[in-house]
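A short write-up of the structure that comes next.
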C-alpha cells in the first residue's frame, strides 16, 4: 500500500478524488495485517458462517453478508458486553496488542486469522484544502514530514508489540485458528463481486481501483518470490 501510494499513482489519484471535497490527504499510519476476530464458537467450515452475528463494518461487512453472516456495526466500547451476553457471536477489532487491552479473550476464546478484510489498512490525515493553502511552504513541509513519520512509527509499533501480546493471549488460554479454506475462498469470490459492482456503478471508484488492482497483481507476484518465500522458510526454522 505504501509503495502504491508513494511510488505508484495512489497519492496522485486519491488527491484528485479528495480535491472534489476540498481535502488534501496524506498517508499516516498502517496497522499491518489484522486478525480475523474473536468467536464464541469454532468455525469449521463455510456452513458455520451462516447466521453468524459478526461485529465488522465497511467492505468486510458487505462481503461476509454475502457468504451468510449478519454484520453488526457496534462501537468499540460496546463489543465486550455484546460478546459476553451473546448479543453477537463474533467481533473483530485490530490485532493482539489492541485486543488484549480490551479483554475480548475473556468472553470469546477462539481467535481467528487472518483478517482478510484488513490485510494492510492504511490510515490517512485529511486537511482542509483552504487551510492547507494558507500555510507557508515551511509549514506545509512540516505537515508532510509529520504524517510520514507517523506512518512509519505506527507500523513499527504494531510490528513490535503484536508478537508479545499474542504470546500473552495464548498463555491465557486463547485458541488460535486459521479461517477454513472454504471460508477464505468464498470471501474472496464475494469481495471480487462487490468490487466489480462498484466498478460498474461508480466511475470514481473504478478509476482508482483499476490502477491499484493492476499494481497489486504485479506486487503479489513479486512478494511471492521474495518476502513470502523468505518468510515461509524462516517460519519453518527454529530461531534462537
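The values are calculated or read from the model by the stated rules, or taken from the named source; none is laboratory data. Predicted model only: the values in this text are computed from it and were never measured. Cβ atoms come from the backbone with ideal geometry, glycine included; neighbour counts cover every protein chain shown.
For segment 48-69, which residues satisfy the criterion of being touching a helix residue (DSSP H, G or I) at 6+ places or on another chain (Cβ under 9 Å) and farther than 14 Å from residue 37 by Cβ? Within segment 48-69, 59, 62, 65, 66, 67, 68 qualify.
Checking the condition in a helix (DSSP H, G or I), on the phi < 0 side of the Ramachandran plot, out of contact with any strand residue (DSSP E or B) (no Cβ under 6 Å at 6 or more places or on another chain) and touching a residue at least 40 places away in the same chain (Cβ under 8 Å), which residue from 228, 204 passes? None of the others qualify; the one that does is 204. Among the conditions (1) buried (at least 16 other Cβ atoms within 10 Å of the Cβ); (2) in contact with a helix residue (DSSP H, G or I) (Cβ under 8 Å, 6 or more places away or on another chain), residue 147 misses just one, which is (2).
Of the residues making up segment 110-147, those that are closer than 30 Å to residue 99 by Cβ, touching a residue at least 12 places away in the same chain (Cβ under 8 Å) and either out of contact with any strand residue (DSSP E or B) (no Cβ under 8 Å at 6 or more places or on another chain) or not in a helix (DSSP H, G or I) (or both) number 17.
Looking at the structure I just gave you, is residue 219 in a helix (DSSP H, G or I) and surrounded by 13 or more Cβ atoms within 10 Å (Cβ to Cβ)? Yes: the conditions hold for residue 219. Kindly indicate whether residue 61 is closer than 21 Å to residue 192 by Cβ and modelled with pLDDT of 95 or more. Against the criterion (closer than 21 Å to residue 192 by Cβ and modelled with pLDDT of 95 or more), residue 61 qualifies.
Taken over segment 74-95, residues that are under 16 Å from the mean Cα position of the chain (by Cα) and free of Cβ contacts under 8 Å to residues at least 60 places away in the same chain amount to 4.
Of the residues 113, 97, the single one that is more than 21 Å from residue 28 (Cα to Cα) and surrounded by 14 or more Cβ atoms within 10 Å (Cβ to Cβ) is 113.
Would you point out which residue out of 151, 177 is touching a strand residue (DSSP E or B) at 6+ places or on another chain (Cβ under 6 Å), touching a residue at least 60 places away in the same chain (Cβ under 8 Å) and not in a helix (DSSP H, G or I)?
None of the others qualify; the one that does is 177.
Are any of the residues in segment 128-143 within 14 Å of the chain's Cα centre (by Cα) and modelled with pLDDT of 95 or more? Taking every residue of segment 128-143 in turn, none turns out to be within 14 Å of the chain's Cα centre (by Cα) and modelled with pLDDT of 95 or more. Across segment 165-187, the qualifying residues are those that are surrounded by fewer than 12 Cβ atoms within 10 Å (Cβ to Cβ) and under 22 Å from the mean Cα position of the chain (by Cα), and the one among them that is farthest from residue 125 (Cα to Cα) is 181.
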